[in-house]
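No lab work stands behind these numbers, since they all come straight from the coordinates. Not measured: the values here are computed from a predicted model. Because the Cβ atoms are built from the backbone with ideal geometry, glycine has one as well, and the counts that use them run over all protein chains shown.
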Amino acid sequence: MLDVIDRELLKGVADLEGIPKGAYNIRKNGKLLARQVSANILIETNEDNTGINIIIKPGTVNESVHIPVILSQADLFDVVKNSFVIGEACDVTIVAGCGIHCGSDKPEGHAGIHEFKIGKSSKVKYVEKHLGVGPGSGKRTLNPVTRVFLEERAHAEMELTQIGGVDNAQRTNEADLGPGSSVLITERVMTDGVQRAVSKNTILLKGEGSRAELISRSVIRGDSRQDFYAVLEARARSYGHLECDAIVMDNGTNETVPSLRSLHPDAELTHEAAIGKIANSQLMKLMSLGLTYDEAVDRIIRGFLR
Amino acid sequence: MLEIKDLYFSVDEQDAQSVIHTRTIVKGVSFTFKKGKFYAITGPNGSGKTTIAKLIMGINPITSGSVLLEGRDITSLGVTERARAGIAYSFQNPARFKGLTFRDMLSISAGTTDESELVKVLIRVGICSLDFLDKEVGHALSGGEIKKIELATTIARNPKVAIYDEPDTGIDLWTIGPMIELLKRERDENGATTIVVSHNEKFLQAAEEILLIRDGQIMHVGDLSSTTPLLQDLDFCNWKTICEGEAYARCHR
Ligand SMILES: Nc1ncnc2c1ncn2[C@@H]1O[C@H](COP(=O)(O)OP(=O)(O)OP(=O)(O)O)[C@@H](O)[C@H]1O
Ligand SMILES: [Mg+2]
């Protein structure tokens, strides 16, 4: 059922050696390839057949859902709309991701629109990896949208990664926080050649005592370009922090625009932003431990994107 | 054995009128560091101590002169090759990294990720906490912590020549004694030629020979008793224990 290319893509985006344990939904070239539900996790195709609904029963703990998407068909632009409804008092891990294998000069693309409603006091860890591989010159486009709504005291940790091989990406992340809820979003993007990636982020701190942290790490190689926009808006007594860091190599270009908007006197919002080359002192330190220049660059980049 | 011969280091500087001037920072330094001996390099701030250390490690490009390690001319080698040839340098201001832990640094340095090997290094340098291994070598580390990591990564290389640039910065007073013992032990057990750049009298006492640097040149070579009067003559006060006596009351100002 899974061929070698499928396996390579699944390994890259979901760390899967084959079919995962627990609940899963694997989509290949715009169609369902395999699905498994569990006693607590329901997966169904949505009404207008544009994606899936994942419904997690209240009180579900220590369970995971894998929903990878793999693409290896030329000239296909696959759009899916997935919706997650997570009940109260859950503790679950959701692994998503999209791998594109491009074998021809025809373009391929995917837009995954993921919406999460996280119930009271639930904890969700969401891991999403995007990867492009294959020898073809066709343009690979990935435009993910991630929207998360957190109810009272809910907590979400979102790890969003674009590892490489994606020519064009328009990334959108939105979070809406209820009272006492918290979110940690980490986005890591590496581009090379003439690739282009734009990330737009909006975080609304609506609930009293909510907390949000957004960390962005960009590595911009070759002639690629990455732009990062983030708006952190507080409408209640809350705390928010933006950290945007970009390493520029070769002739990469970058625009980083962090923006803080406080609509409540007790909001505490901070940001740090830095764009620059790899520090010479870091290279010298690793080279003085016996690494070559290229090995030192590689270690610094891998650490930075970890 | 490490020999430096007639080392010069110059940089081009622009003045307010955009005129370029050549400034010579290291001015003809020659010395032979013998195998397994303990040396201290001292001298006023800005006299060129760190620059000399970086010329030896290959971090600063040598303007003229030569460096020989065990008789082999390594002047044309870069940092990586000099490290592999057996020179190690502990930075005065160590670099901080995002996402690299002490374990990563130590693994690179020791050339192994095997935890039992890394633990051996920790025991050797007297770091008792295993948790410390997974600390990020980032901005959250204290000044003393990062200097301990710097020292450990230098020792883990088992170098033939180890240069420690002000290893006591930020280190609590009661750790300095054990640190000196550690460096002496490394010298005795591994025959490491040990060079410590320091303003601290304890290191100067421990050294078999002290090189006093002033204005990019070696002003004096000798033991503590022959060096102390010269330190007091120099009009600066880096040597707290020496200068803060009644004899040098104006340093208290
Ligand atoms: N690459 C460089 N370019 C320009 N100036 C330099 C460079 N490296 C060192 N200098 C200058 O050379 C002088 C000597 O610096 P160095 O760091 O070697 O002093 P030091 O003796 O180690 O001082 P300290 O005791 O403060 O550590 C200083 O004035 C410094 O600003
Ligand atoms: Mg110095």
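What the table shows:
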| read-out | value |
| --- | --- |
| Note, ³J(HN,Hα) from phi for region B:161-177, Karplus 6.51, -1.76, 1.60, rounded to Hz, x at Gly and Pro | 10, 10, 10, 10, 9, 6, x, 8, 4, x, 8, 5, 3, 6, 9, 5, x |
| Computed helical MRE - 222 nm, the protein assembly as shown, DSSP H runs ≥ 4 contributing -39500 (n - 2.57), nearest 500 | -6000 deg cm²/dmol |
| Cut-off 13 Å between beta-carbons: net charge of the residues surrounding B:Gly222, Lys and Arg +1, Asp and Glu -1 | -3 |
| Diffusion constant of the protein assembly as shown at 37 °C, which comes from Stokes-Einstein with the Kirkwood Cα-pair radius and 0.692 mPa s, µm²/s | 121 µm²/s |
| About the Cα centre, charge dipole magnitude for region A:74-127 (Lys/Arg +1, Asp/Glu -1 at Cβ), debye | 340 debye |
| Projected area averaged over orientations for region B:2-251, convex hull of C-alpha atoms, nm² | 15.2 nm² |
| Compactness of chain A - radius of gyration and Dmax, Cα, Å | 19.7, 61 |
| Candidates A:Lys31, A:Lys139, A:Lys285, ranked by Gaussian network fluctuation over chain A, Cα under 10 Å, top entry | A:Lys285 |
| Charge dipole magnitude, Cβ of K and R +1, D and E -1 - chain B, Cα centre, debye nearest 20 | 280 debye |
| Directionally averaged projected area (convex hull, Cα atoms, region A:155-291), nm² | 9.0 nm² |
| Footprinting exposure proxy for A:Ile220, A:Ile113, A:Ile70 (fewest neighbouring C-beta atoms within 10 Å first) | A:Ile113, A:Ile220, A:Ile70 |
| With 5 Å bins from 0: P(r) over region A:209-249, alpha-carbon pairs, percent | 6, 19, 24, 15, 14, 10, 7, 5, 1 |
| Inter-part distance where region A:144-163 and region A:271-287 are each reduced to a Cα centre, Å | 29 Å |
| Residue order, fewest to most beta carbons within 10 Å, for A:Tyr126, B:Tyr164, A:Tyr239 | A:Tyr239, A:Tyr126, B:Tyr164 |
| Environment charge of B:Val119, counting only residues whose C-beta is closer than 14 Å and scoring Lys/Arg +1, Asp/Glu -1 | -2 |
| Ratio of Rg to Rh over region B:1-128 (Cα coordinates, Kirkwood Rh, two decimals) | 1.04 |
| Computed over chain B: relative contact order in percent, which uses C-alpha pairs under 8 Å that are six or more apart | 25 percent |
| Residue order, fewest to most surrounding Cβ atoms within 10 angstrom, among A:Tyr229, A:Tyr293, B:Tyr39 | A:Tyr293, A:Tyr229, B:Tyr39 |
| For A:Asn25, net neighbour charge (Lys/Arg +1, Asp/Glu -1) across residues whose Cβ lies under 15 Å away | +1 |
